[in-house]
Ligand SMILES: *[C@@H]1O[C@H](CO)[C@@H](O)[C@H](O)[C@H]1NC(C)=O
Ligand SMILES: *[C@@H]1O[C@H](CO)[C@@H](O)[C@H](O)[C@H]1NC(C)=O
Ligand SMILES: *[C@@H]1O[C@H](CO)[C@@H](O)[C@H](O)[C@H]1NC(C)=O
């Protein structure tokens with residue numbers, strides 16, 4: 001039996017469309033959130049604390065986050081790079097020194113938004129984070145408005161151990177430019 005060419009093309013196009021719809025899972029909204037994370041290392045009231053390390057790594061620490069160091073953090077996120085900027089949420093998670101040279105961490109970070117239309121919703125980024133370059137972290141999911149979200153975050157270090165008039169506590173400021181696709 002010969003199938004007419006046009007019928008064949010139509011079937012092909014229809015099946016392609018079904019595949020496209022299935023792969024996006026109805027994530028038809030695109031949201032861009034730009035924020036600044038303040039990872040504060042202070043004598044008192046740090047937002048980021050060292051909780052474990054291997055003794056041999058401690059004897060020969062290298063890089064920014066020595067191999068095996070485990071940190072837990074609860075960081076404020078703001079809409080501008082200064083700590084005095086408007087607080088728009090918080091980021092909780094952990095990072096671990098996973099490279100022997102001390103320049104790459106493995107990061108699990110849950111970002112909860114506490115203002116605006118996404119108040120109460122959060123999204124999660126998880127992957128390795130090579131600290132010396134511009135880096136991309138995948139968004140692997142979320143809650144609330146960001147349920148089943150996917151996307152990516154582009155990270156840029158604004159300053160390390162910054163201590164100045166706009167950032168009085170000693171800390172690192174990281175810019176997160178996150179693009180999310182969600183329902
Ligand atoms: C540190 O290195 C020594 C010598 O290689 C080893 O015996 C010891 O188990 C190591 N300690 C830890 C906590 O890994
Ligand atoms: C965000 O939601 C919480 C819980 O519903 C509420 O208490 C709070 O006032 C909201 N914040 C803003 C800025 O809307
Ligand atoms: C953030 O990412 C968006 C989307 O890629 C881009 O249009 C925007 O210029 C970026 N903003 C900054 C400050 O890098």
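Within region 118-133, which residues have the backbone N less than 11 Å from the label spot 7 Å out from residue 101 along Cα→beta-carbon, could you tell me? Output list for this probe position: 131-133.
Using a simple spin-label model with points 7 Å from Cα along the Cα→Cβ vector, what separation in nm is obtained for residue 133 and residue 44? Going by the 7 Å Cα→Cβ label model, 4.3 nm.
Across region 28-182, the mean sequence separation of Cα contacts (distance under 8 Å, 6 or more residues apart), normalised by length, yields a relative contact order of 24 percent. Shown is the FRET efficiency for residue 84 and residue 183, computed with R0 = 41 Å from the Cβ-Cβ distance and rounded to the nearest 0.05: 0.75. For region 28-182, the percent of C-alpha pairs falling in each 10 Å distance bin, counted from 0 to the bin holding the largest distance, reads 11, 40, 35, 12, 1, 0.
Since every read-out is calculated from the coordinates, none of them should be taken as a lab result. A quick note: this is a predicted structure, and the numbers were derived from the prediction, not measured. Counting neighbours? That spans all protein chains shown, and the Cβs are built from the backbone with ideal geometry, glycine included.
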